[in-house]
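The values are calculated or read from the model by the stated rules, or taken from the named source; none is laboratory data. Quick caveat: nothing in here was measured; it's all calculated off a predicted structure. Positions of Cβ are backbone-derived with ideal geometry, glycine not excepted, and every protein chain shown enters the neighbour counts. To get the accessible areas, we keep the full protein, side chains included, count just its heavy atoms, and leave off ligands, DNA and RNA. Shrake-Rupley method; radii C 1.70, N 1.55, O 1.52, S 1.80 Å.
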Amino acid sequence: MTATLETSAENTATAAVTLSGVRKVFGHGPSSVLALDGVDLRVAPGEFVCLLGASGCGKSTLLNVVAGLDAPTSGDIALTTTRPAVMFQEAALMPWLTAVRNVELPLRLAGHKRSSRRAKANELLDLVRLGDAGGKRPHELSGGMRQRVALARALASTLGSAEDGTPGLLLMDEPFAALDAITRDVLQAELLRVWRETDTAILFVTHDVREAVRLGQRVVLLSSRPGRVVREWSVDGLTGEDEVATIEDVTARLREVISGHAAA
Amino acid sequence: MPQPDEAVLETDRTGDLAAVGAGLDALDAPPQQQRTPLWQRFVSTALPPLVAFALLIGVWQALWASAIWPEFQLPAPGDVWAKVTETVASGDAAEILWTSVSRAVLGFLAAVVIATPLGLLVAKVRVVRAAIGSLLTGLQSLPSVAWVPAAILWFGLTPSAIYFVVLMGSVPSIANGLVSGIDQIPPLLPRVGQALGAGKLQAARHVLLPAALPGYLAGLKQGWAFSWRSLMAAEIIATSPQLGLGLGQFLHNGQSLNDISMVIAAIFLILLVGIGIELLLFRPLERAVLRARGLTGAL
Ligand SMILES: Nc1ncnc2c1ncn2[C@@H]1O[C@H](COP(=O)(O)OP(=O)(O)O)[C@@H](O)[C@H]1O
Ligand SMILES: [Mg+2]
């Protein structure tokens, strides 16, 4: 399923999520902040899109709006997926629950039966290679392990309701930014593996160009204040010199966007 | 800048990756806490207060032996102990303790039932907080003895008067504990709950209340202390045959009979119940809750 979608991502009529003219203003009057202004974006089912931008450009705002945690001031968001799952920079696991019960939580909220949700949760923990750590509490896990439990929990929340084959959507807000370089590298590879195994569409927010180019099929650059889509790159399957060249290109554009603000 | 990930990156074969990941997990997971052996915990937690208690008795005995104060003001420790064993042996102690403890527990449970929704409302509804938030904090610092005269005028010398005082003493503490417990929840957790699909009630049940549990427990503990204190205040002042004989009345009778041994024995019993409930119920509960969350620093 993924393979066919990957090749025809641009011209499929269906999309996992379509944003049109999304605008978000925080506050009222003269002190209001225009965080997003006319963002148009489409993510195909099963597609991996990286949203890149300087910090403060509205990436988190955009993700929260797609997740339904915030309402857009104007504009339209059309989802064809199940409830989007969200992962934050912090794992934000419930400290009173064991790893497996954390993963179970979204299934429990959705009203699944105890035995089926336990089985599903264990399956997802296996997927992130934490099958043995299900009984551990968050404080007994390392940062990378916690983030993997959070990934399993996010997947549970989007796949839990997808028994009928509705595709999932995973929204990730700089999920690896707080980890050390080696752990981040391993988790990036794990994420790619999980993505391939689950057919979930991913909208991945980062300010790290290398991460964006390595992970995504498409990199979308967001401008700052207000956030708008500046440019897109198709980075699927890039290796070696092409990858390096793209990273340089994206970095140059990002620098341009940032230094454009110094004059203003 | 050379990246340390480059080497790992090249070998994207799953086997290697799994090995690296497993190695990181093993290296990076926080070390498991060793549980100290029982006798060591006994030595470090139970011994110091026992020694302090023994010293206190020793000083008391010495002061009594020096006969600075007359016998009716400072009794011998042995006399007080005799009084305690006498009331225990006659079965009065059990009756007195039962009267008071059952009142305090009943009052406390009623306070929990009232204070929990009240605390939730104050914490989550802005208007309610603005309206009665400071009142609730203020009530906490009002000594509950102050309610006794009003309670007697309103309810007469009845158990209702006593329960009213107990409620006024403990409800504010429990509600305030819950409010501060909820205020201290990291804002990300309710957001995660929402993102995972929790409705308002589900969020309260599965995120808010468990996240606020440490603060709530602290409130419960304080609420118990306040209901016990308030009960004693009410019982000492509101004495009447139809109210039965509680610890407070026992203390009051001691004063009427000019029996200092009886007075001190009563104080001893009051303390014993307070400390006993704290040590047997709230301390282990709090310990278990905090330990489960990795908050072992306070233990
Ligand atoms: N709740 C809020 N109230 C007011 N301004 C906000 C709020 N959240 C974000 N902003 C502003 O919106 C802009 C975008 O923020 P954010 O989406 O967090 O950026 P990013 O995630 O890209 O770093 C920033 O200028 C920030 O100050
Ligand atoms: Mg952000």
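Structural remarks
- Contact annotation: residue pairs with Cβ atoms under 9 Å, 6 or more positions apart or on different chains, pairing a residue in region B:261-286 that is closer than 18 Å to B:R229 by Cβ with a partner that is part of a helix (DSSP H, G or I) and among the polar types (S, T, N, Q), are B:V263/B:Q255; B:A266/B:N253; B:L269/B:T87; B:L269/B:S100; B:I270/B:S100; B:V273/B:S100.
- Of all the criteria given as (1) part of a helix (DSSP H, G or I); (2) touching a residue at least 12 places away in the same chain (Cβ under 8 Å), the one not satisfied by A:I77 is (1).
- When A:G227 is tested against (1) within 16 Å of ligand 2 (Cβ to nearest atom); (2) over 20 Å from the mean Cα position of the chain (by Cα), just one condition goes unmet, and that condition is (2).
- Set A:L62, A:L69, A:L19, A:L34: member being at pLDDT 85 or above, in contact with a strand residue (DSSP E or B) (Cβ under 9 Å, 6 or more places away or on another chain), open to solvent by 50 Å² or more (accessible area, probe 1.4 Å) and within 16 Å of ligand 1 (Cβ to nearest atom): A:L34
- Filter result for the condition that a residue is among the hydroxyl-bearing types (S, T, Y) and open to solvent by 60 Å² or more (accessible area, probe 1.4 Å), over B:S261, B:S256, B:S240, B:S227: B:S256
- Residue in region A:87-100 that is within 14 Å of chain B (Cβ to nearest Cβ), buried (at least 20 other Cβ atoms within 10 Å of the Cβ) and within 13 Å of ligand 1 (Cβ to nearest atom) present: yes
- Residues in region A:26-62 that are under 14 Å from A:D76 (Cα atoms) and within 16 Å of ligand 2 (Cβ to nearest atom): A:L36, A:V39, A:L62.
- Cβ-Cβ distances below 7 Å connect the following pairs, each with a first residue in region B:55-84 that is open to solvent by less than 70 Å² (accessible area, probe 1.4 Å), a second residue that is outside any helix (DSSP H, G or I), and a separation of six or more residues or different chains: B:L63/B:L74.
- Condition check for A:A212: part of a helix (DSSP H, G or I), within 16 Å of ligand 1 (Cβ to nearest atom), small (G, A, S) and within 30 Å of B:L24 (Cα to Cα): yes
- Candidate set from region B:184-219 (those that are at the interface with chain A (Cβ under 7 Å from one of its Cβ atoms) and more than 21 Å from B:V289 (Cβ to Cβ)); member that is surrounded by the most Cβ atoms within 10 Å (Cβ to Cβ): B:L196
- When A:G135 is tested against (1) closer than 25 Å to B:A19 by Cβ; (2) open to solvent by less than 30 Å² (accessible area, probe 1.4 Å), exactly one condition is not met: (2).
- Among the numbered conditions (1) over 21 Å from the mean Cα position of the chain (by Cα); (2) more than 15 Å from ligand 1 (Cβ to nearest atom), the only one that A:F48 does not meet is (1).
- Members of region B:257-273 found to be of a type in the set (D, E) and within 12 Å of B:P77 (Cβ to Cβ), listed by number: none
- For the residues A:A110, A:A150, the requirement of being at the interface with chain B (Cβ under 10 Å from one of its Cβ atoms), surrounded by fewer than 20 Cβ atoms within 10 Å (Cβ to Cβ) and more than 16 Å from ligand 1 (Cβ to nearest atom) singles out A:A110.
- Checking each residue in region A:168-190 for being more than 9 Å from chain B (Cβ to nearest Cβ) and surrounded by 23 or more Cβ atoms within 10 Å (Cβ to Cβ) picks out A:G168, A:L169, A:L170, A:M172, A:P175, A:F176.
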